[in-house]
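Encoded as structure tokens, the structure appears first; notes follow it.
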Amino acid sequence: MTAVGIIPARYASSRFPGKPLVDIHGKSMIQRVYEQCEKAKLERIVVATDDARISKHVKTFGGEVLMTSEQHQSGTDRIAEAAEKLMLNTNDIVINIQGDEPFINPEDIKTLRDCFNDKRTQIATLVKKIKDFDTLTNPNSPKVVIGLKKQALYFSREAIPHLKNFDKKDWLKKKNYFQHIGIYAFKYEILKEVAQLKKSPLEQSEGLEQLRWLENGYKIQTAEINSDCIAVDCPEDLKRIDEKFFS
């Protein structure tokens, strides 16, 4: 089983233009993500970008990079184009690694890959147990309901399931809730299929792409991690990186 890590990287971010190239203590963010992926011992790691500046920079530190279309609406579409250019085999595993988590835990990437030790796995993603009320109620932190076989049943920006007869502030004392960690892996044949799907009603309601796959009958296997994941969405998030990794 060959696993390829693809890191989608856009320059034209509305909240943080040029984010992949921002300097984090002597290295760009995209370089730090790439180096964390190398520690996961994947067979291949590729940056997929639509910007010549990012492409040129990745080559300076010896990384592999592919130019992709400027028209993609999601990272999934971008990695699908990149995977096609790589001419992968049907059962190869494609891991979509977020380009804005400069200190992603390599063990988490390995955990995601291991989901495909079960040959029935189509898509896999990571989840983390929610420990605080703010995360439970934050609509920017998507939640996921998991079935008995650890497959995702539904994703929502709301806290789900609703606990009848209990005050919401007590929910975490009564039941385990899970935060969705937005890193995905696909069998290549499944990635090609989901890249052709149109936006679905639930996806449009919640603004969560993964609901498109569930609505079309695909199964998403989950694996639980405990790592603290810090994504850089805006310049202010760099302070959190400094405090955690460099203070």
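The values are calculated or read from the model by the stated rules, or taken from the named source; none is laboratory data. Source: prediction; values computed, not measured. Reconstructed Cβ throughout: ideal geometry from the backbone, glycine too, with neighbour counts over all protein chains shown. Each accessible area value is taken on the protein alone, full model and side chains, heavy atoms only, with ligands, DNA and RNA left out. Shrake-Rupley method; radii C 1.70, N 1.55, O 1.52, S 1.80 Å.
Tell me the net charge near residue 65. Cut-off is 14 Å between Cβ atoms, residue 65 excluded, with +1 for each Lys or Arg and -1 for each Asp or Glu.
So the surrounding residues net to +3.
Per residue, how much accessible surface does the range 106-247 expose to a 1.4 Å probe? Answer in Å², no decimals.
57
Counting chymotrypsin sites (Phe, Trp or Tyr not before Pro) as exposed when in a DSSP loop with at most 13 other beta carbons within 10 Å, what is the longest stretch of the chain free of them?
62-165
Stretch residue 219-residue 53 to full length: gain in nm at 0.36 nm per residue minus the Cα-Cα span?
Values: separation 166, 0.36 × 166 = 59.76 nm, distance 3.71 nm.
Here the segment from residue 219 to residue 53 would lengthen by 56.0 nm.
Which GluC sites (Glu not before Pro) in the range 15-74 pass both tests, a DSSP loop state and at most 13 other beta-carbon atoms within 10 Å?
Answer in residue order: 43, 70.
Between residue 107 and residue 164, how high is the FRET efficiency from 1/(1 + (r/R0)^6) when r is the Cβ-Cβ distance and R₀ = 41 Å? Nearest 0.05.
Once the sixth-power term is evaluated, E becomes 0.65.
Quick one: 3J(HN,Hα) in Hz for the range 5-19, Karplus 6.51/-1.76/1.60 with θ = phi - 60°, rounded, Gly and Pro as x.
x, 10, 10, x, 9, 9, 8, 8, 7, 5, 8, 8, x, x, 3
Grab the other residues whose beta carbon is less than 12 angstrom from that of residue 128, score K and R as +1, D and E as -1, and report the net.
-1
How big is the dipole moment of the chain about its Cα centre under a simple scheme where the beta carbon of each Lys and Arg is +1, that of each Asp and Glu is -1, and everything else is neutral? Debye, nearest 20, please.
So the magnitude is around 620 debye.
For the chain, what does the helix formula give at 222 nm: sum of -39500 (n - 2.57) over DSSP H segments with n ≥ 4, over the residue count, nearest 500 deg cm²/dmol?
Details: 10 runs with 77 residues, N = 247.
Rounded to the nearest 500, it is -8000 deg cm²/dmol.
Past 28 Å, Cα to Cα, is the threshold; run 19/173; 131/219; 173/198 against it and keep the listed order.
Flagged as over cut-off: 19/173; 173/198.
Local charge sum around residue 233 (other residues, Cβ-Cβ under 14 Å, Lys/Arg +1, Asp/Glu -1)?
+1
Roughly speaking, what is the centre-to-centre gap between the range 128-146 and the range 1-58 when only Cα atoms are used, to the nearest Å?
Here the answer is 27 Å between Cα centres.
Which one, 207, 232, 197, projects farthest toward the positive side of the charge dipole computed for the range 197-241 from Cβ point charges (K/R +1, D/E -1)?
Most positive-ward Cα: 197.
How much length would be gained if the chain were fully extended between residue 1 and residue 176, taking 0.36 nm per residue of separation minus their Cα-Cα distance, in nm to one decimal?
Result: 59.7 nm gained on full extension.
Quick one: ranking 72, 25 by accessible area, 1.4 Å probe, largest first, what do you get? Display every interim value, and only then the final one.
On the way: 72 45, 25 105 Å².
Sorted descending by solvent-accessible area, the residues read 25, 72.
Each label point is 7 Å from the Cα along the Cα-to-Cβ direction; what then is the distance between the points at residue 22 and residue 74, in nm?
2.5
What share of the DSSP beta bridges in the chain is antiparallel, in percent to the nearest 5? Please list the in-between numbers first.
On the way: 20 of 40 bridges.
Around 50 percent of the beta bridges assigned by DSSP in the chain are antiparallel ones.
Given R₀ = 22 Å, FRET efficiency for residue 137-residue 227 by Cβ-Cβ distance, to 0.05?
According to the calculation, E is roughly 0.50.
Using a 1.4 angstrom probe with every protein chain in place, what is the largest-first accessible-area order of 1, 67, 87, 29?
87, 1, 67, 29
Hey, any idea what % of the chain's accessible area is carbon plus sulfur with a 1.4 Å probe?
Here carbon and sulfur together make up 45 percent of the probe-accessible area.
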